[in-house]
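Asks: Before I ask anything, let me first share the structure, which is written out below as structure tokens.
What follows draws every value from the coordinates through simple rules; no lab data is involved. Keep in mind it's a predicted model, so treat the numbers as computed, not measured. A quick note on method: Cβ atoms are made from the backbone with ideal geometry, for glycine too, and the neighbour counts reach across all protein chains shown.
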Amino acid sequence: MSKALSLKLDDAVYSETESVLKKLDISRNAYINRAIAFMNKYQKRKQLGKQLQYESRLVSTESLDVLREFEALEDEIG
């Protein structure tokens with residue numbers, strides 16, 4: 001199912017888009033759908049990156065403690 005919407009573009013963006021469309025030989029609708037799909041994926045990855053950084057900071061101290069314990073065990077065994 002598709003949704004219809006009205007869209008206003010800056011003149012420069014519109015002109016550049018029309019030029020690209022001629023070279024690619026695709027419809028404006030297909031181009032805009034691909035562009036929005038690309039931006040959606042980009043934003044999801046960006047948010048995932050922020051979430052991973054946040055979670056990494058949460059466990060960083062514990063991770064260092066565990067690493068020190070393993071190093072101490074290696075020194076005892078070694």
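Asks: Straight-line reach from K22: which lysines have a Cα under 19 Å away, not including same-chain ones fewer than 8 places off?
Replies: Partners found: none.
Asks: Lys/Arg Cβ at +1, Asp/Glu Cβ at -1, dipole of the chain taken about the Cα centre: which of L67, A4, M39 is farthest positive-ward?
Replies: So the residue we want is A4.
Asks: What whole-number distance in Å separates the alpha-carbon centres of region 50-75 and region 1-22?
Replies: Their Cα centres are 49 Å away from one another.
Asks: May I ask for the equivalent-ellipsoid semi-axes of the chain, computed as the square root of five times each C-alpha gyration tensor eigenvalue and listed largest first in whole Å?
Replies: 53, 14, 11
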